[in-house]
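Below: the structure, in structure tokens.
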Amino acid sequence: MNTIESKRIVLEELRNAFEKSYLASDTLDGKLQNVLNFSSVIVSIASTVIAAILLGKVGIFFWLLLAIVMVVYIISLLIILNG
């Protein structure tokens, strides 16, 4: 009877450790999702502002700046996916 009770205690401790780990990873996932959403908004706003400012003068500068913004966004996306 004592071994069953000790196994039950160990099982309960493992369950508690798993729940703590799951909650921590869930919190981290939520934070990474917020970073991704925030960076998406930044890319959208930056592209809109650049397009509005350079509407009549869209040239190589606009496409270069847009490419830089997209590269930064893709890098942040890859960091989030690896996290």
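The values are calculated or read from the model by the stated rules, or taken from the named source; none is laboratory data. Because the structure is a prediction, the values reported are computed rather than measured. Cβ coordinates were reconstructed from backbone atoms using ideal geometry, including for glycine residues, and neighbour counts include every protein chain displayed.
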| If you check every pair at least six apart or on different chains, which have Cβ atoms under 6 Å apart with a residue in region 51-63 that is modelled with pLDDT of 70 or more first and a residue that is assigned to a loop (DSSP other than H, G, I, E, B) second? | F62/L54
| Given T48, T27, which one is surrounded by 10 or more Cβ atoms within 10 Å (Cβ to Cβ), at pLDDT below 75 and hydroxyl-bearing (S, T, Y)? | T48
